[in-house]
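As structure tokens, the structure follows; a few thoughts come after it.
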Amino acid sequence: MNKRSGIESKQKIMKAAMDVFSRKGYAKANIREIARIAGISIGGVYLYFRNKEELYRNLINERMLDIGNKTETIAGKSQSASEALSHFLSLHVENALKHKEFILLHIREHGFTFGVQEKKNFFRKQRELVERLIQRGIRTGEFRKCNADDMAKVIMGSLRGVILSMALDDDVHITPQMMNEFIFNGLLTPARK
């Protein structure tokens, strides 16, 4: 097998795994169905992943890596800090909307314990990125002076809460625009600020 077909096979497996885990949950998902949907033999799946748990862990890590890379790209672009933070928030909310079933499955079946160290590292890096954006905005005069570390914690806590609410409650529909409105404007009228 050449390197390119190996990468394509692994991508097919990961895509099929996302579909099967999202629909059936971790407990009911099986390698046989993932292989069938990916169009790869069961043995082919085991060339890349030792078992279902490793495949699931890789899927979660891939999702975090993908979002992490996208948010770093957003922050690195030559745009204003407020635009970068707005795009950061939108990316997270849109990702939660796109993968709601997978997030819900993960919470329902694994709670917050599965891959806890990887998640802590991911959210720490995301919080540090938000902190850097806030510091940049303070330097350029876009944002008021504040404790950037504390504000980054508030923003990430709010974002995680919104994502959790969207996953758990069918009647919670939050758009990227709503999240941006909340973070940038809050509830106070201009006269009260």
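Worth a mention:
- Scalar couplings 3J(HN,Hα) for segment 51-64, obtained by applying the Karplus form with A = 6.51, B = -1.76, C = 1.60 to θ = phi - 60°, are 7, 5, 4, 5, 4, 5, 4, 5, 4, 5, 4, 5, 4, 5 Hz; x denotes Gly and Pro.
- Cβ-placed point charges (K, R +1; D, E -1), dipole of segment 52-185 about Cα centre in debye, nearest 20: 480 debye
- On the basis of the beta-carbon distance and an R0 of 30 Å, Val116 and Arg139 show a calculated FRET efficiency of 0.30.
- Of Lys125/Lys145; Lys70/Lys145; Lys12/Lys120; Lys52/Lys120; Lys10/Lys100, pairs whose Cα-Cα distance is over 25 Å: Lys70/Lys145; Lys12/Lys120
- Normalised by the number of residues in segment 52-185, the average gap of Cα pairs under 8 Å and 6 or more apart makes the relative contact order 33 percent.
- Scalar couplings 3J(HN,Hα) for segment 138-144, obtained by applying the Karplus form with A = 6.51, B = -1.76, C = 1.60 to θ = phi - 60°, are 5, 4, 8, x, 6, 10, 5 Hz; x denotes Gly and Pro.
- Radius of gyration (Cα atoms) of segment 52-185, expressed as a multiple of 2.2 N^0.38 Å: 1.07.
- Residue of Gln126, Gln135, Gln79 that the Gaussian network model of the chain assigns the largest fluctuation, springs spanning Cα pairs under 10 Å: Gln79
- 3J(HN,Hα) along segment 38-45: 6, x, 10, 5, 4, x, x, 5 Hz, from the Karplus curve 6.51 cos²θ - 1.76 cosθ + 1.60 with θ = phi - 60°, whole Hz, x for Gly and Pro.
- In terms of surrounding Cβ atoms within a 10 Å radius of their Cβ, Arg32, Arg127, Arg50 rank from fewest to most as Arg50, Arg32, Arg127.
- Taking the fewest neighbouring Cβ atoms within 10 Å as the starting point, the ordered list for His92, His106, His99 is His99, His92, His106.
- Rg of the Cα atoms in segment 1-49, relative to 2.2 N^0.38 Å, amounts to 1.09.
- In terms of other Cβ atoms within 10 Å, Ser22, Ser86, Ser80 run from fewest to most in the order Ser80, Ser22, Ser86.
- Estimated inter-spin distance, Thr175 and Asn30, nm [label 7 Å along Cα→Cβ]: 4.4 nm
- Counting only DSSP H runs of at least 4 residues, each contributing -39500 (n - 2.57), and dividing by the residue count of the chain, the helix-based mean residue ellipticity at 222 nm comes to -26000 deg cm²/dmol.
- Gain upon complete extension [Ser165, Cys146; 0.36 nm per residue less C-alpha separation]: 4.1 nm
Where a number appears in this text, it was derived from the coordinates with a stated rule and is not lab data. In this text the structure is predicted, and so the values were computed from the model without any measurement. Every residue, glycine among them, receives a Cβ derived from its backbone with ideal geometry; neighbour counts consider all protein chains shown.
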